[in-house]
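Structure first, then comments.
The numbers here are math on the coordinates, done by the rules we state, and not lab data. In this text, all values refer to a predicted model and were calculated from it rather than measured experimentally. As a convention, Cβ positions derive from the backbone with ideal geometry for all residues, glycine included, and neighbour counts pool all protein chains shown.
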Amino acid sequence: MSYKPLVANDRDAKAERKWRQRGAMMRAARMERGLTQQELADKVGVARVTIARVEAALARPSIDLLENVAKALGVKLTELLD
């Protein structure tokens with residue numbers, strides 16, 4: 001399975017940039033709390049590689065995963081989606 005993003009047009013490129021920003025915000029929130037990817041993954045109940053892929057914008061998380069990440073980080077879901 002490939003996690004390489006496919007950018008076919010400007011709309012796709014804009015969406016890709018947005019996911020990269022969201023991943024960076026998630027990483028920043030995690031690091032501000034002094035958590036490793038593994039520690040966050042354990043709190044959320046997923047594999048560490050899942051957190052790594054979301055942070056790197058190589059995978060697009062479900063809303064359920066984002067809700068669980070937000071809860072584990074103690075932030076509002078909207079903070080991860082802005």
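Below are the figures for this structure:
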quantity: Trypsin sites (Lys or Arg not before Pro) within the range 16-82: DSSP coil, no more than 15 neighbouring Cβ in 10 Å; calculated: R33, K76
quantity: Contact order relative to length of the chain, as percent, for alpha carbon pairs under 8 angstrom and 6 or more apart; calculated: 31 percent
quantity: Proxy reagent accessibility, fewest Cβ within 10 Å first, across T78, T36; calculated: T78, T36
quantity: Contour excess over end-to-end distance, with Cα ends at D12 and S62 and 0.36 nm allotted per residue; calculated: 16.2 nm
quantity: Rounded to 10°, Cα long-axis angle of helix 63-73 versus longest principal axis of the chain; calculated: 40 degrees
